[in-house]
Amino acid sequence: MKILLVKPKARLGTVLGLQAFQLLEPLELGYLAGAIPPEHEVLFLDLRLAYFENRAFLGALRKFVPDLVGITGYTHESSAVKKLVRVAHQHLPHACIVVGGHHATVAPEDFEIDGVDAIVRGEGCAPFRSIVERVEAGSDLSGIANVLIPGSVPRGPDQSMWPEFPEPSTLPLPRRDLWNPRRYRSVWTGEHLPNWHPLYPPVSMVRTSWGCTMKCSFCIVPFLCAGKHQTRPIDSVVDEIASVPTDHIYFSDDENFIDEDFAWQLAEALEVRGVKKRYFAWTRSTTVNRSPDLLKRWREIGLDSAFLGFEFPTNKELRETQKGGTIAGNERALDTLRAMGVAVHAAFMVRPEYTEDQFQGLRDYVQEMPPVQCSFTVCTPSPGTPDYKKMLPKIWVKNPHDLHDCMHPLTPTTIPLRRFARLFAEQASLGTAKTPMRVHRHLAPPLDLLRVAAAEKRYYRGFRNLYRDYPPELWG
């Protein structure tokens with residue numbers, strides 16, 4: 001059969017602004033393609049790379065004429081996914097159309113629309129392979145684990161209905177032959193990068209584990225993984241990292257070092273194999289403070305930067321979200337990582353109810369930090385979490401899914417929305433000014449510097465104008 005796998009293009013300026021800094025591989029579709037039996041022909045279409053996404057999608061449908069179309073998407077892309085479904089169903093009414101990804105997992109009822117033949121929830125490799133086999137045989141798609149058929153989708157899934165994540169050793173390696181790895185890049189920072197190191201190197205995504213054992217009240221991960229953390233076989237991870245064509249690895253784990261024994265063994269295995277790459281990893285302040293020697297070991301084998309969820313500048317807010325950390329702990333972890341030469345990406349959140357004084361408090365806190373890469377989002381619980389259920393009666397937009405990018409407030413803001421957007425944009429602009437390589441006046445390729453300047457303008461503009469994504473009567 002002919003199988004078309006599609007990643008949609010975002011429409012929100014906030015997301016497009018972020019993509020100016022970072023456009024990562026469509027790893028989820030690489031895994032799906034790896035699960036498809038080799039006798040089938042697979043075409044991959046990343047509409048994020050298309051200037052005219054509608055024309056690109058229509059062209060693929062007409063030239064490739066797929067028997068099966070698989071479309072993934074996050075919650076803020078759900079309307080784009082539905083549009084692609086309508087177009088595919090209109091032009092190829094006999095093709096099987098399958099939707100999956102994060103939004104299909106947390107809100108499958110949103111895809112009960114004409115044209116959708118199956119909704120895949122959770123990790124999709126085994127379910128999608130079964131769908132391929134059924135479609136090839138002309139069989140019915142009902143009865144496949146973690147696959148819902150429109151018309152039989154339960155409403156409001158709770159924790160007891162979350163799809164079970166498979167044993168990681170059963171997953172295939174992602175097929176990177178379907179795309180050009182040089183198209184996917186991320187701004188790269190570090191405390192001690194060599195001069196003229198590229199700011200936008202080609203980057204490969206690798207996942208070594210799934211899940212998290214923490215219970216942050218706004219996060220969907222504990223529900224998707226049933227509170228468990230599962231690791232891949234170490235040899236498989238080392239083989240994948242050694243085989244990717246790029247020198248920079250962006251780990252996409254929920255937390256890289258939560259299983260310390262695994263992290264130690266992986267570091268040793270990479271060194272024994274002679275794998276020399278540069279790494280960006282995700283961790284927690286509690287992990288860094290508990291096991292600084294582990295992070296130091298990873299620094300020795302190439303860890304340039306680590307993501308730390310600072311989240312808020314006050315202990316009160318950290319307690320309210322059950323983050324499990326403190327301001328003092330965050331600052332200690334930041335100092336520990338910087339002392340060993342690891343740059344920190346400090347992630348903060350604002351809340352819709354923030355006042356002018358609270359924005360000023362966050363600005364003051366960030367301003368006093370040492371050189372650090374900062375990012376800012378709006379605290380937005382995911383559909384399916386208890387916090388999202390509590391938020392539902394307060395949502396002030398007709399279709400919250402369209403704005404669920406964690407950068408748009410979904411509930412009324414305390415200050416006028418237009419003013420909220422300006423303060424949020426100023427906060428984001430301050431964050432980019434704190435980057436270590438900028439503070440240290442790192443020498444970089446001139447074209448990369450121009451690209452950073454353009455990205456910063458687009459990033460700021462996306463935040464500054466986010467209020468325009470709402471009805472005018474909400475602008476204030």
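Since every read-out is calculated from the coordinates, none of them should be taken as a lab result. As the structure is a computational prediction, the values presented were derived from the model and not from experiment. Neighbour counts are summed over all protein chains in view; Cβ atoms, including those assigned to glycine, are modelled from backbone coordinates with ideal geometry.
Amide H to amide H distances under 5 Å link residue 254 with 211, where only residues 5 or more positions off or on other chains count and H is placed in the peptide plane.
DSSP beta bridges fully contained in the chain are about 15 percent antiparallel.
Straight Cα distances below 19 angstrom link residue 398 to the lysines 82, 83, 389, 390, with same-chain residues fewer than 8 positions distant left out. With θ set to phi - 60° and the Karplus curve 6.51 cos²θ - 1.76 cosθ + 1.60, what are the ³J(HN,Hα) couplings of segment 59-68 in order, to the nearest whole Hz, using x for Gly and Pro? Calculated HN-Hα couplings, in order: x, 5, 4, 6, 7, 8, 6, x, 7, 9 Hz.
Would you mind calculating the relative contact order of the chain from Cα pairs under 8 angstrom and at least 6 residues apart, reporting the percent as a whole number?
Working: 879 pairs, mean separation 74.3, N = 476.
Computed over the chain, the figure is 16 percent.
Taking the Cα centre of segment 33-93 as origin and assigning +1 to Lys and Arg Cβ atoms and -1 to Asp and Glu Cβ atoms, the resulting dipole is close to 340 debye. When only the Cβ of Lys, Arg, Asp and Glu is charged (+1, +1, -1, -1), the dipole of the chain relative to its Cα centre reaches about 1520 debye.
Charge dipole of segment 22-165 (Cα centre as origin; +1 on each Lys and Arg Cβ, -1 on each Asp and Glu Cβ, all else neutral): 460 debye, rounded to the nearest 20. Taking 4.7 Å between C-beta atoms as the pairing limit, the chain has these partnerless cysteines: 96, 125, 212, 225, 374, 379, 406. Distance between the 7 Å Cα→Cβ label points at residue 396 and residue 368: 3.1 nm.
For residue 25, the amide hydrogen comes within under 5 Å of the amide hydrogens of 205, counting only partners 5 or more places away or on other chains and with H modelled in the peptide plane. Please work out which option in (i) 0.98; (ii) 1.24; (iii) 0.95 gives Rg/Rh (Cα atoms, Kirkwood Rh) calculated from these coordinates, and answer with its label. Comparing each candidate, only (iii) matches the computed number.
Taking a straight line from the alpha carbon of residue 277, these lysines sit under 26 Å away, with near neighbours fewer than eight places off in the same chain left out: 296, 434.
Bridging of residue 316 to lysines at a Cα separation below 19 Å is possible for 215, once same-chain residues fewer than 8 apart are set aside. Taking a point 7 Å out from the Cα of residue 52 in the direction of its Cβ, none of the residues of segment 87-104 has a backbone N less than 15 Å from it.
For segment 60-174, the residue among 163, 143, 100 whose Cα projects farthest onto the positive side of the dipole built from Cβ charges is 100. Distances between placed amide hydrogens fall under 5 Å for residue 349 paired with 311, 312, 377, all partners being 5 or more residues away or on another chain. Shown here for segment 409-476: trypsin sites (Lys or Arg not before Pro) in loop regions (DSSP other than H, G, I, E, B) with at most 11 other Cβ atoms within 10 Å, namely 441.
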